[in-house]
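The next block holds one structure in the form of structure tokens; read it before the comments.
The values are calculated or read from the model by the stated rules, or taken from the named source; none is laboratory data. Bear in mind that the values here come from a model prediction, so they are computed numbers and not experimental data. Here the Cβ is made from the backbone with ideal geometry for all residues, glycine too, and neighbour counts use every protein chain on show.
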Amino acid sequence: MDKSLMTVGEVAELLRVSEKVIYRNVNNIPGAFKVFGSWRFDRQTLLDDLKRKSAPKAKDVQLSTDNRHGL
């Protein structure tokens, strides 16, 4: 079986939320599409988006100029 497509239940398990949460937010989940009335999710698209969103942004990373600790 092709593991590149995920069901609602598999996405819910991956994200550690209920299936109800997935259905409520399906339009905000990248790689989501319907096949004969059932939602499917492209695994790689979803994982890439999660990785991109979890990476620190340049503006979030601040270098300290405080030298009180001698470092």
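Just the residues that are assigned to a loop (DSSP other than H, G, I, E, B), among the hydrophobic types (A, V, I, L, M, F, W, C) and more than 13 Å from the chain's Cα centre (by Cα), please, taken from region 1-45.
Met1, Phe36
When region 1-41 is examined, which residues are found to be under 16 Å from Lys53 (Cβ atoms) and surrounded by 12 or more Cβ atoms within 10 Å (Cβ to Cβ)?
Val11, Leu14, Leu15, Val17, Asn25, Ile29, Pro30, Gly31, Ala32, Phe41
Step by step: first the residues of region 36-71, then only those that are at pLDDT 95 or above and of a type in the set (A, V, I, L, M, F, W, C), then the one that is nearest to Ser4 (Cα to Cα). Which residue is that?
Out of the qualifying residues, it is Phe41.
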